[in-house]
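Below is one structure; the comments refer to it alone.
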Amino acid sequence: MIIDYDENGNPIYDDEFEEEEEAVEEKTIGYDFSQGVPGGGLPFIKPFALMREQDLPLPELIIDGLLRRGHKMSLIGGSKIGKTWSLLDLSVALGAGGKWLDWECKKSGVLYLNLELDEASCRHRFEEVIKHRKLGEKEQKSLENNLHIWNLRGYTQPLDKMIEMIKAHCQNCGFSTLIIDPIYKVLPGDENNAHEMTKLANMFDYLTRELDVAIVFGHHHSKGDKTRVVGMDRASGSGVFVRDPDVCIDLLGLETGPTDKGRAVQVEVTGIRNFPTPRTRYAWFEYPAFVIDDDGVCQAIQAHRDSKAKKKADKDAVAKNKETLELEAWAEKRKHLDAAFEKHRNEAGIADFKAVREELGMAQNQNLIRWLKKFEFYKFTTGKNGQVWRDFENS
């Protein structure tokens with residue numbers, strides 16, 4: 001290590017430091033990194049060279065362009081917008097193979113944790129989705145083998161109390177995906193508390209690791225109109241709900257007016273960690289599932305709404321700017337009025353009306369009257385002996 005320079009500008013080294021550095025280097029070089037550095041219960045620390053040598057294939061793709069095994073995804077939307085219907089549809093798409101909201105799903109084992117519906121209603125809804133998809137005999141057979149439902153309405157507890165039971169029930173079952181609907185039923189604390197929701201995120205990581213599954217969960221928007229709110233800010237509660245998942249999909253209802261198409265939604269991937277961000281899609285809820293709008297009607301409606309909203313925002317901005325400029329102008333006038341009054345007032349605090357008017361360069365009495373009326377603490381009389389004074393108490 002250089003500690004100084006001599007009179008000729010040559011560096012002076014710390015010999016002691018060099019000896020210590022060589023000792024550290026020898027110790028490092030002598031260590032066998034083939035298995036990484038022991039981590040005391042944590043994963044090994046690996047040199048990048050070792051990672052390059054290892055066979056590290058990417059986890060299995062579950063939803064094309066969105067989700068891999070071992071990753072997490074949230075589906076977020078307003079109350080009663082159709083989140084559960086969409087998650088049921090996803091379950092069938094995974095179990096039988098097929099598309100969900102325009103994304104191809106890998107046929108695989110899936111467990112739907114039904115926390116909200118009674119068993120009969122849950123089965124009825126699944127049958128409606130299956131009928132809608134017009135599954136063939138082979139697809140029906142795949143679905144029967146791959147799709148599992150765990151009806152837990154009335155049995156739910158905070159996830160920290162259920163996590164080992166879930167692990168025990170799902171171990172070695174071959175599921176690719178766990179779908180938890182809705183997540184608020186098993187929250188381990190206040191959804192607005194980032195610390196407590198981080199615990200939830202860590203529990204999800206534990207399950208994905210122990211069971212080698214992807215986790216998908218349904219969550220809701222906060223209250224109020226979300227049409228002018230950025231996608232990542234629409235979710236209720238802590239930001240952990242959108243920061244932690246590897247992919248967040250947001251369903252935003254669109255105002256379409258009277259239509260025979262059903263409910264329209266914007267399907268936006270508001271956050272994605274491991275793939276390029278997909279384009280925003282639009283869909284109609286045609287009972288019992290969302291159907292992608294191939295005709296562009298929803299998008300046109302959204303574009304029209306955005307245009308109207310922009311015009312209104314621009315109009316409001318102009319009005320606000322005009323109001324601001326007017327306030328600034330009156331503030332400047334107030335300075336001039338105060339200065340003119342102070343210059344001509346007598347010891348009793350009274351100024352000659354005409355003197356004040358002429359000080360301000362006004363030809364007409366009416367101009368000064370308008371200024372004095374704007375600032376209510378100024379009182380005045382007009383006429384030959386017109387006066388101006390201040391009356392703060394009675395203004």
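Being in the same structural domain as Val247 (by TED's automatic domain parsing), at pLDDT 95 or above and assigned to a strand (DSSP E or B): is that true of Lys141 here?
Working: in the same structural domain as Val247 (by TED's automatic domain parsing): yes; at pLDDT 95 or above: yes; assigned to a strand (DSSP E or B): no.
So Lys141 fails the test.
Among Lys72, Lys80, which is modelled with pLDDT under 95 and under 25 Å from the mean Cα position of the chain (by Cα)? Spell out the reasoning first.
Details: Lys72 fails: modelled with pLDDT under 95.
Answer to the check: Lys80.
Okay, residues lined up against (1) among the hydroxyl-bearing types (Ser, Thr, Tyr); (2) closer than 15 Å to Val213 by Cβ:
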site	(1), (2)
Leu147	no, yes
Leu152	no, no
Gln157	no, no
Ile163	no, yes
Ile166	no, yes
Thr177	yes, yes
Asn192	no, no
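Which numbered condition trips up Gly70, out of (1) outside any loop (DSSP other than H, G, I, E, B); (2) under 28 Å from Pro278 (Cβ atoms)?
(1)
Considering each residue of segment 244-297, count those that are on the phi > 0 side of the Ramachandran plot and in contact with a helix residue (DSSP H, G or I) (Cβ under 9 Å, 6 or more places away or on another chain), and give that number.
Looking only at segment 244-297, we keep the residues that are on the phi > 0 side of the Ramachandran plot, and these are 257, 262, 296.
Next cut, in contact with a helix residue (DSSP H, G or I) (Cβ under 9 Å, 6 or more places away or on another chain) only: 257.
Within segment 244-297, residues that are on the phi > 0 side of the Ramachandran plot and in contact with a helix residue (DSSP H, G or I) (Cβ under 9 Å, 6 or more places away or on another chain) number 1.
Cβ-Cβ under 8 Å, sequence separation 6+ or interchain: first residue in segment 319-339 and under 18 Å from Leu368 (Cα atoms), partner outside any helix (DSSP H, G or I) and hydroxyl-bearing (Ser, Thr, Tyr). Which pairs?
Leu337/Tyr378
Of the residues in segment 349-382, how many are in contact (Cβ under 8 Å) with a residue 12 or more places away in the chain, loosely packed, with under 13 Cβ neighbours inside 10 Å and not charged (D, E, K, R)?
Final tally of qualifying residues: 3.
For Gly224, indicate whether it is of a type outside the set (Phe, Trp, Tyr) and either surrounded by 16 or more Cβ atoms within 10 Å (Cβ to Cβ) or part of a helix (DSSP H, G or I) (or both).
Details: of a type outside the set (Phe, Trp, Tyr): yes; either surrounded by 16 or more Cβ atoms within 10 Å (Cβ to Cβ) or part of a helix (DSSP H, G or I) (or both): no.
For Gly224, the condition - of a type outside the set (Phe, Trp, Tyr) and either surrounded by 16 or more Cβ atoms within 10 Å (Cβ to Cβ) or part of a helix (DSSP H, G or I) (or both) - is not met.
If I go through segment 236-264 residue by residue, how many of them are within 18 Å of Val216 (Cβ to Cβ), in contact with a strand residue (DSSP E or B) (Cβ under 6 Å, 6 or more places away or on another chain) and crowded, with 19+ Cβ neighbours inside 10 Å?
Of the residues in segment 236-264, 9 are within 18 Å of Val216 (Cβ to Cβ), in contact with a strand residue (DSSP E or B) (Cβ under 6 Å, 6 or more places away or on another chain) and crowded, with 19+ Cβ neighbours inside 10 Å.
Taking Ala120 as meeting all but one of (1) of a type in the set (A, V, I, L, M, F, W, C); (2) over 28 Å from Ser236 (Cβ atoms); (3) within 32 Å of the chain's Cα centre (by Cα), write down the number of the exception.
(3)
Conditions (1) of a type in the set (Asp, Glu); (2) under 22 Å from Arg125 (Cα atoms); (3) modelled with pLDDT of 95 or more, marked per residue:
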{"position": "Leu211", "(1), (2), (3)": "no, no, yes"}
{"position": "Ala214", "(1), (2), (3)": "no, no, yes"}
{"position": "His219", "(1), (2), (3)": "no, yes, yes"}
{"position": "Glu255", "(1), (2), (3)": "yes, no, no"}
{"position": "Ala264", "(1), (2), (3)": "no, yes, no"}
{"position": "Arg273", "(1), (2), (3)": "no, no, yes"}
{"position": "Pro276", "(1), (2), (3)": "no, no, yes"}
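So which residues in segment 79-107 are assigned to a loop (DSSP other than H, G, I, E, B) and of a type in the set (D, E, K, R), if there are any at all? Walk me through how you get there before you give the answer.
Narrowing segment 79-107 to residues assigned to a loop (DSSP other than H, G, I, E, B): 79-82, 97, 101-102, 106-107.
Lys80, Asp102, Lys106, Lys107 - these are the residues of segment 79-107 that are assigned to a loop (DSSP other than H, G, I, E, B) and of a type in the set (D, E, K, R).
Is one or more of the residues making up segment 118-130 without any contact (Cβ under 8 Å) to a residue 60 or more places away in the chain, of a type in the set (Phe, Trp, Tyr) and surrounded by 18 or more Cβ atoms within 10 Å (Cβ to Cβ)? Give the derivation first.
Filtering segment 118-130 down to residues without any contact (Cβ under 8 Å) to a residue 60 or more places away in the chain leaves 118-124, 126-127, 130.
Still in the running and of a type in the set (Phe, Trp, Tyr): 126.
Checking the rest, the ones that are also surrounded by 18 or more Cβ atoms within 10 Å (Cβ to Cβ) come to 126.
Taking every residue of segment 118-130 in turn, at least one turns out to be without any contact (Cβ under 8 Å) to a residue 60 or more places away in the chain, of a type in the set (Phe, Trp, Tyr) and surrounded by 18 or more Cβ atoms within 10 Å (Cβ to Cβ).
Would you please name the residue that is farthest from Val242 (Cα to Cα), looking only at residues in segment 186-230 that are under 15 Å from the mean Cα position of the chain (by Cα) and among the acidic types (Asp, Glu)?
Checked segment 186-230; the qualifying residue farthest from Val242 (Cα to Cα) is Asp225.
Of the residues that make up segment 157-178, is at least one surrounded by 15 or more Cβ atoms within 10 Å (Cβ to Cβ), part of a loop (DSSP other than H, G, I, E, B) and assigned by TED's automatic domain parsing to the domain that holds Val110?
Yes - at least one qualifying residue is present in segment 157-178.
The values are calculated or read from the model by the stated rules, or taken from the named source; none is laboratory data. Keep in mind the model is a prediction, meaning the values are calculated, not measured. Positions of Cβ are backbone-derived with ideal geometry, glycine not excepted, and every protein chain shown enters the neighbour counts.
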